[in-house]
Amino acid sequence: YLNTHVGSVVGSLTPFLGSAAAKGLILAPEPTILAAYVFAWQFQHFYGICWTYKKDYDAAGFKMITEFDKTAKRTTGEVFLSIMMQMGSVVAMYKYDMINAITFGALAVPFAFSFKHLYEFSKNPTKSRMVKKSAYTQFLMILLGIIVHKYGSNR
């Protein structure tokens, strides 16, 4: 099941590549913060997919976390930690002026729903679809918040 961990590292490199292409900088606060968020986000997103399509992954012979974590307790713990890491990244985004106070405050709603859906999933792993959907909502709000903050303000 470590494929998700490896994939999360690889997937989180894209902000560094974009920063290098756009600004010539690799290790700046903004791409590092965004990479940390993307890394953490992928666990909530992909574990939701793993549990939603568990039978398909099993039939294809892929060794996913669902094979080793029959009760979803480990998955729940890892997703909980990933949501906490995502929230820490959002605090850093606000501190480094990547998002404004409105976006920062508004993100409390999708994060609250993420915890709600994770709790429901912990009681019944067939509720995995909402875990991944709440991840999409957070991600979309953050990206829109970054874009609006950067291009929508009078700077």
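Rounded to the nearest 20 debye, the dipole magnitude of the chain is 280 debye, with +1 charges on Lys and Arg beta carbons, -1 on Asp and Glu beta carbons, and the Cα centre as origin. Near Tyr37: Cβ cut-off under 14 Å, other residues only, Lys/Arg at +1 and Asp/Glu at -1. The net charge is 0.
When a 1.4 Å probe is rolled over the protein heavy atoms, the share of accessible surface on the chain that falls to carbon and sulfur comes to 70 percent.
State the answer as a single residue: which of Val148, Ala22, Trp51 lies farthest towards the positive end of the charge dipole of the chain, with beta carbon charges of +1 for Lys and Arg and -1 for Asp and Glu, about the Cα centre. Value computed over the given set: Trp51.
Per residue, the accessible area of the chain comes to 56 Å² when a 1.4 Å probe rolls over the protein heavy atoms.
Of the residues Met87, Ile33, Met98, the one whose Cα sits farthest towards the positive end of the charge dipole of the stretch 1-105 is Met87 (charges of +1 on Lys and Arg Cβ, -1 on Asp and Glu Cβ, taken about the Cα centre).
Placing a pseudo-label 7 Å from each Cα along the Cα-to-Cβ vector at Leu25 and Val6 gives an inter-label distance of 3.3 nm.
Enter the mean projected area of the convex hull around the alpha-carbon atoms of the chain, in nm², rounded to one decimal. Over every viewing direction, the Cα hull of the chain projects on average to 9.4 nm².
The values are calculated or read from the model by the stated rules, or taken from the named source; none is laboratory data. Keep in mind that what you see is a predicted model, and the values were worked out from it rather than measured. Please note: Cβ atoms are built from the backbone with ideal geometry, for glycine as well, and neighbour counts cover all protein chains shown. Side chains included, ligands, DNA and RNA excluded: accessible areas come from the protein's heavy atoms. Shrake-Rupley method; radii C 1.70, N 1.55, O 1.52, S 1.80 Å.
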